[in-house]
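Student: If you scroll down you'll find the structure; I have some questions about it.
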Amino acid sequence: MDSIIFDVDGTLWDSTDSVAKAWNLAIQENSSLDLTITDDLLAGVFGKTMTEIADTLFSALPEKERMDLLEICFGYENRYLETHPGKIYEGVTDTLAALSRQYPLFIVSNCQRGYIEVLLRTCALEPFIKDHLCFGETQTSKGQTIRTLMERNGLKDPVYVGDTQGDADACAEAGISFIFAEYGFGNVPDADMRIRRFSDLENIENIYKQTDKL
């Protein structure tokens, strides 16, 4: 293991409440949809690509209108999160600080441009993260986005920490190891490595040893 890559939603923070409020305002002001976005509805689509989210939430609209409305929602979201950031999970700051002294740390997410930057800025995590990449920049699968980040940073054997089956599948596509964050939004029953809380990562070498991966 030469580095650690993190997912965002359900792994580093929970922004569902703020995002729901921002999206509901965007939908109300920019569409005729009779739709209320709830925290649970958002939690069910976090981690999916932007196209998949639009198809799921805005299926009543033609394809182009779905994507146009989603882009508007993302704009509202990024601005709202600047003053109403998500709730960072317990132990994230201290654990990232400790891990950054041993490994280079990165983020890969299926989010839009600007979202990761808001997380890093509002939660003061910028000093710990070397680089990040998202679907909004690459327009590729999460597995391919991981590979792109690996290539531009010369990573050979990273591990990815995420909370959904989609994250596990992306790691399989990218050919890297996966650690399942049990406290997040999803379920990965076949995960070989898992954590119950973020601070468990301070013992990441022991997690690896238990599965003969180090």
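The values are calculated or read from the model by the stated rules, or taken from the named source; none is laboratory data. Bear in mind that the values here come from a model prediction, so they are computed numbers and not experimental data. Cβ coordinates were reconstructed from backbone atoms using ideal geometry, including for glycine residues, and neighbour counts include every protein chain displayed. These area figures cover heavy atoms from the full protein model, side chains too; ligands, DNA and RNA do not enter into them. Shrake-Rupley method; radii C 1.70, N 1.55, O 1.52, S 1.80 Å.
Student: Quick one: Karplus J couplings for the stretch 168-173, per residue in order, coefficients 6.51, -1.76, 1.60, θ = phi - 60°, nearest Hz, x for Gly and Pro?
Tutor: 4, 5, 5, 5, 4, 4
Student: Among 21-29, 162-170, how do they line up by average Cβ neighbours within 10 Å per residue, starting with the highest? Show your work: numbers first, answer last.
Tutor: Numbers: 21-29: 17.3, 162-170: 23.1.
Most protected by this proxy first, the peptides run 162-170, 21-29.
Student: Which value in deg cm²/dmol, rounded to the nearest 500, describes the helix-derived mean residue ellipticity at 222 nm for the chain, given -39,500 (n - 2.57) per DSSP H run of n ≥ 4 and division by the residue count?
Tutor: Numbers: 10 runs with 101 residues, N = 214.
That comes out to -14000 deg cm²/dmol.
Student: With each label point set 7 Å from Cα along the Cα-Cβ vector, what nm distance links LYS130 and MET193?
Tutor: 1.6 nm
Student: Okay, moving on. Just to confirm the number: angle between the C-alpha axis of helix 16-30 and the first principal axis of the chain, 0 to 90 degrees, nearest 10?
Tutor: 30 degrees
Student: Apply the Karplus parameterisation 6.51 cos²θ - 1.76 cosθ + 1.60, with θ equal to phi minus 60°, to every residue of the stretch 121-129 and state each ³J(HN,Hα) to the nearest whole Hz, in sequence, with x for glycine and proline.
Tutor: Per-residue couplings from phi come out as 6, 6, 9, 6, 9, 3, x, 9, 9 Hz.
Student: How large is the charge dipole for the chain, taken about the Cα centre, if only the Cβ atoms of Lys, Arg (+1) and Asp, Glu (-1) carry charge, to the nearest 20 debye? Could the numbers behind the result be given before it?
Tutor: On the way: 19 positive and 36 negative charges, 97 e Å.
Dipole of the chain, to the nearest 20 debye: 460 debye.
Student: Considering the dipole of the chain built from charges on the beta carbon (Lys and Arg +1, Asp and Glu -1) around the Cα centre, which of ALA97, THR164, THR56 is farthest to its positive end?
Tutor: In the chain, that residue is ALA97.
Student: A further question follows. If you take every DSSP beta bridge fully contained in the chain, what fraction is antiparallel? Give it as a percent rounded to 5.
Tutor: Details: 2 of 21 bridges.
Approximately 10 percent, going by the DSSP bridge assignments.
Student: Would you list which lysines come within 25 Å of LYS21, measuring only between C-alpha atoms, while excluding same-chain residues fewer than 8 positions from it?
Tutor: Straight-distance partners of LYS21: LYS48, LYS64, LYS87.
Student: Suppose R0 equals 25 Å. What FRET efficiency, 1/(1 + (r/R0)^6) with r the Cβ-Cβ distance, do GLN139 and GLN165 give to the nearest 0.05?
Tutor: In this case the efficiency is close to 0.70.
Student: Something else about it: Could you give the length gained on full extension between LYS156 and GLU182, defined as 0.36 nm per residue of separation minus the Cα-Cα distance, in nm?
Tutor: Numbers: separation 26, 0.36 × 26 = 9.36 nm, distance 2.60 nm.
Going from the current span to full extension adds 6.8 nm.
Student: Oh, and also: List, largest first, the extents of the alpha carbons of the chain along their principal axes, each in whole Å.
Tutor: Taking max minus min along each principal axis of the Cα atoms, the chain gives 54, 32, 32 Å.
Student: With the full set of protein chains in place, find how many percent of the accessible area of the chain is carbon and sulfur; take the probe as 1.4 Å. Before the final figure, lay out the partial values.
Tutor: Numbers: 4350 of 9980 Å².
The value for the chain is 44 percent carbon and sulfur by accessible area.
Student: Just to verify a number: FRET efficiency for THR148 and SER32, C-beta to C-beta distance, R0 = 30 Å, to 0.05?
Tutor: The value I calculate is 0.20.
Student: Right, here's the next one. Taking the chain as a Gaussian network, Cα atoms linked when under 10 Å apart, which of CYS73, CYS171, CYS134 shows the biggest mean-square fluctuation?
Tutor: Fluctuation is largest for CYS73.
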